[in-house]
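Asks: Got a structure here, written out as structure tokens. Questions coming.
The values are calculated or read from the model by the stated rules, or taken from the named source; none is laboratory data. Please read these numbers as outputs of a predicted model, since none were measured by experiment. Here the Cβ positions follow ideal geometry from the backbone for every residue, glycine too, while neighbour counts run over all protein chains shown. To get the accessible areas, we keep the full protein, side chains included, count just its heavy atoms, and leave off ligands, DNA and RNA. Shrake-Rupley method; radii C 1.70, N 1.55, O 1.52, S 1.80 Å.
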Amino acid sequence: MLLGVFAASAPAFAAEGDPYRISGNVQLDGEPLEGVALTIDGPGGLQEVVTDENGQWVVFVPERGEEYVVTLDENTLPEGIAVVDEADDTPNVKEVEMSQGGRVTVNFFIGEGERNVTSFFDQLVQRVVQGISFGLMLALAAVGLTLVYGTTGISNFAHGEMVTFGAIAGFLLVGTSAAALPWWLGYPIAVVLGAVLGFVMDWGLWRPLRKRRVGIVQLMIVSIGLSLAMRYIFQFFIGGGTLQLPGASAQKIPLFGAVQMSVIDLASIGISIAVIVAFAFWLTKSRIGKATRAISDNPSLAAASGIDVDFVVRVVWILASALAALAGILYAYYRPGIRWDMGAQLLLLMFAAVVLGGLGTAYGALIGALIVGVVVEASSLWIPADLKFASGLFILIVILLFRPQGILGRRERIG
């Protein structure tokens, strides 16, 4: 049995906001192993790294005093070589805690032995389940975005910042301070604050612009400016680092086969499904929901039939912002972590879900979000994790080539 020691000297620089590092080198019989792949999961999201010609690797992480999971991909080791440790059922996976000194090394025992191999099918099932979880969370945000577009014609580029606002509000209410509220009280209040933000934005900005009959292009430009303003306000107040909600590092439990999820992951799926079902009931059965659909189909006809368009649009803004705030809290657990630009990272995927499902259709946004979520997660089996979001945009292009109006969209005459 040979000891592979991770103890490399990392570069003397670090990314801004990520000052702490996990580093090391991989050796076999004193010889460095190049091209060995490792993944590091924890606050700040999943990172992938491969060893260089000296067998060295290093990643920068944003949080001190937090747990990280380091996984060595045994498929990238030489033939007949594996990570072996009789005292550990999964020797190629190590949990480490970032020390107060901001430096961590990890030791693996590398030698001849049987590899702990997860079949491709098991990996695919795990990714699909994660994709469904991500897609449901994405649907909460995308449904609000498509409702706003359907009733007002605005492509709201500030919707991502509504997602960030919900996560930050949740952290301020349920964080680690002595005055923190219990999660079952703090998170609903954060969602209510998100709804209040939607009301204030419509009352103070969008309704006055609508009354002045400002064009759609100008409204879109205003939303871009609002997005940038909100984003850098968030950075000013919370900084460029990563904040963690309580319980973000919850232990994963086996469900079936190779699928493992934490209690928070399961709760996120359950909450997303419950909220989506309640929203669907509201949209199809309630008076305001029916009025919302009528305005989405034909605003002029809806107004002529006696529907108070301004009131319904305000309700839509409130509901869309509340859903975005809830999505922000769930996404902060999914990443895990809260960053000032986390909503902006989701924005293109939200638009992809909306366009894929059909502009202005709430059910289309739900279907589009699920497709994007599954494709994004499953694609990481073939492409680097850093590029997986691009796969969601790629599938959007492919489907629109065959169905330009989206999955549930309607063909419209132009000109």
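Asks: Can you find, among V70, P32, V125, the residue sitting farthest towards the positive end of the charge dipole of the chain, where Lys and Arg contribute +1 and Asp and Glu -1 at Cβ?
Replies: After comparing all options, I get V125.
Asks: Give me, ordered by chain and number, the residues 5 or more places off F108 or on other chains with an amide H under 5 Å from its own placed amide H.
Replies: Excluding prolines and chain starts, which carry no amide H, the hits are G4, F6.
Asks: While we're looking at this one, here's another question. Evaluate the distance, in nm, between pseudo-label points positioned 7 Å from the Cα of I233 and of A179 along their respective Cα→Cβ axes.
Replies: 2.1
Asks: Could you look at region 276-415 and say what percent of its accessible area is carbon and sulfur, using a 1.4 Å probe and all protein chains?
Replies: That fraction is 67 percent.
Asks: Right, next: F256 to F121: extension gain in nm, 0.36 nm per residue of separation minus the Cα-Cα distance?
Replies: 47.3 nm
Asks: How much FRET efficiency would the formula 1/(1 + (r/R0)^6) give for A390 and F311, where r is the Cβ-Cβ distance and R0 is 45 Å, rounded to 0.05?
Replies: 0.65
Asks: Right, next: Can you give the accessible area per residue of the chain, in Å², using a 1.4 Å probe?
Replies: 48
Asks: Span-like helices, the chain: DSSP H, alpha-carbon axial extent 24 Å or more, mean Kyte-Doolittle -1.0 or greater, which ones?
Replies: Within the chain the helices that satisfy the rule are 120-152, 183-201, 216-238, 263-285, 309-334, 362-379.
Asks: Using the charge dipole of region 141-274 (Lys, Arg: +1 at Cβ; Asp, Glu: -1 at Cβ; taken about the Cα centre), state which of Q218, L197, Q260 has its Cα farthest towards the positive end.
Replies: Positive-end residue among those listed: Q218.
Asks: May I pose another question? By accessible area of protein heavy atoms, probe 1.4 Å, what ranking do D310, D341 get, highest first?
Replies: Output order, biggest surface exposure first: D310, D341.
Asks: Another question, then. Provide R212, R339, R293, R207 ordered by accessible surface of protein heavy atoms (probe 1.4 Å), highest first.
Replies: Largest accessible area first, the residues go R212, R293, R207, R339.
Asks: Along the Cα→Cβ direction, 7 angstrom out, place labels at L205 and T90. What is the inter-label distance in nm?
Replies: Going from the L205 label point to the T90 one covers 4.3 nm.
Asks: At A278 and I397, where each label point lies 7 Å from the Cα along Cα→Cβ, what is the point-to-point distance in nanometres?
Replies: 4.0
Asks: Let me ask something else. Rounded to the nearest 500 deg cm²/dmol, what is the calculated helix-only ellipticity per residue at 222 nm for the chain, with -39500 (n - 2.57) per DSSP H run of length n ≥ 4?
Replies: Using -39500 (n - 2.57) per qualifying helix, the result is -17000 deg cm²/dmol.
Asks: If you don't mind, there's one more thing I want to ask. Between R212 and Q405, what FRET efficiency follows from the Cβ-Cβ distance if R0 is 25 Å, with the result rounded to 0.05?
Replies: 0.20
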